[in-house]
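Inspection log for the structure reproduced underneath, given as structure tokens.
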Amino acid sequence: MQGYHLAELNVGRLVAPMDDPRVAEFVDNIDRINGLGKRLPGFVWMMEGSGSPGNLENAIGGDAQFVPNLSVWESVEQLETFVWGTLHKQFYERRAEWFEVLGEMHFVMWWVPEGHRPTLEEALARLEHLNTHGDSDHAFGWAHLKQARQWQGNRCAPVAAE
């Protein structure tokens, strides 16, 4: 969409606190994977913390085990390339080792005007809208985007609420 970029929020809840050995491999690689995304064509912006790995300091609901990933991309195809066409895919495929299965949708996308940097509060409101109303132009998942192709062969099992 001309004049717009694609925002995405993905929320996971770690199976253990961030300093627990069970999640150490994930935590130790957050900056590596995020850095890879930042170098890809189409990357626009990512919400970041102030020194901790990734964005782990932005607890949701006071729960430090919730890990939000909020970013903006120029296009659907470029986001798909990052998610399933880079080293990120290997970590995505191993998510069950580090994250709990959430009982509702935990991933949402929406279009933002170029230059807009969504807040975590805005993103969580979009996620809530998606969980309440399903896919719409206001908040959606991969199936809502006709140009999205790679998600079909790479998506979570239905039990993982993708």
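Ranked by the mean number of other Cβ atoms within 10 Å per residue, highest first, peptides 18-31, 116-129, 67-80 order as 67-80, 116-129, 18-31.
How large is the Kirkwood hydrodynamic radius of the stretch 1-114, in angstrom, based on all distinct alpha carbon pairs? Kirkwood hydrodynamic radius for the stretch 1-114: 14.7 Å.
Rule-based calculations on the coordinates, nothing more; no lab input. Everything numeric in this text was worked out from a predicted model, so none of it was measured. Here the Cβ is made from the backbone with ideal geometry for all residues, glycine too, and neighbour counts use every protein chain on show.
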